[in-house]
Amino acid sequence: MSIATRRVLVGAHYGLRDWLIQRITALILFAFALGLALAVLITGPWQYARWKALFVPVPMKLLTLLAVLALCYHAWIGVRDIWMDYVGNAALRLCLHVATVLWLLYCFAWTAQILWGIA
Amino acid sequence: MTKPSSTPPRRAQRIRNVGIADLRNYRLPIPGVVSILHRVSGLLMFLALPVVLCLFERSVRSAQDYESLVRCAQGWVFRLVLLALGWALLHHACAGVRFLLLDVHVGTERAAARFSSQLVLAVSLVLTALLALALFGVL
């Protein structure tokens, strides 16, 4: 019976990890949003050509995709907390969790498709 | 293995949850208002994610799509939706900065926390008002 003696069976680290990721992704999103807002303000009045040109370089596509990945992780933790707080029925909560993850993955893939469609 | 102590100490007072019926009589302190609005604005942006992605897709697809989007943005319903999302983003960001500062033990005293929550509400509402002026063509 030595399997369980050394293993951490409670979820404290899992909670701490998500708590930390929530903060780190928040900082990433804050920096990206500020950067994008500045870039839009600097490039002058809103025009299709200028707006599109922002997303043409591959590094910008990758940065944007990384920001959206951070967004998805951030949203997952936040929305999961909401389901955990307000949805008492375990079966319904599990369904909502699965739906949230699938939906965020869908949005992530969709963003990649949009970004790499810009030429 | 040590045996856990026989019975947990009895609480002097039972934990009391606020029920739905009590909500009308419960005066939420201002830091609590900021906190629940942080949650509401986050959920709002999560639900609006497909709308935002749709708008982004159309804004970068072609010049024609971009122009049709600009025409769409003349309508006041569209502008109100943008304004609501703008408020959600601004409030979520301002309150988020406050929570990050609280995490590193900045402003945890009662008076300071109360002041910073008022500041979050004020700053996000002023920025939203500026956005409204820009959206509705006054600025």
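Coordinate-derived values only; no laboratory data. For clarity, every value in this text was computed on a predicted model and none was experimentally measured. No Cβ is skipped: glycine too gets one built from the backbone with ideal geometry, and neighbour counts run over all protein chains shown.
Run down A:24, A:42 and say which single residue is over 22 Å from residue B:44 (Cβ atoms), away from chain B (no Cβ under 11 Å) and not charged (D, E, K, R). Give the steps one after another, and end with the answer.
Details: A:24 fails: away from chain B (no Cβ under 11 Å).
Answer to the selection: A:42.
How about segment B:69-85: which of its residues are within 30 Å of residue A:105 (Cβ to Cβ), more than 11 Å from chain A (Cβ to nearest Cβ) and more than 18 Å from the chain's Cα centre (by Cα)?
Those that are within 30 Å of residue A:105 (Cβ to Cβ), more than 11 Å from chain A (Cβ to nearest Cβ) and more than 18 Å from the chain's Cα centre (by Cα): B:72, B:78.
Can you find a residue that is surrounded by 16 or more Cβ atoms within 10 Å (Cβ to Cβ), touching an Asp or Glu at 6+ places or on another chain (Cβ under 8 Å) and part of a helix (DSSP H, G or I) anywhere in segment A:41-51?
The answer is yes, given that some residue of segment A:41-51 is surrounded by 16 or more Cβ atoms within 10 Å (Cβ to Cβ), touching an Asp or Glu at 6+ places or on another chain (Cβ under 8 Å) and part of a helix (DSSP H, G or I).
Show the residue pairs that are 6+ apart or on different chains and have beta-carbon atoms under 9 Å apart, the first residue being within segment B:95-123 and within 14 Å of chain A (Cβ to nearest Cβ) and under 17 Å from residue B:33 (Cα atoms), the second being hydroxyl-bearing (Ser, Thr, Tyr) and outside any helix (DSSP H, G or I).
B:102/B:108
Could you tell me which residue of segment B:72-111 is nearest to residue A:27 (Cα to Cα), considering only residues that are surrounded by 15 or more Cβ atoms within 10 Å (Cβ to Cβ) and aromatic (Phe, Trp, Tyr)?
Across segment B:72-111, the extreme among qualifying residues is B:99.
Look through segment A:64-119, keep the residues that are over 23 Å from residue A:23 (Cα atoms) and crowded, with 19+ Cβ neighbours inside 10 Å, and return whichever of them is farthest from the other protein chains (Cβ to nearest Cβ).
Per the stated criteria, the residue is A:115.
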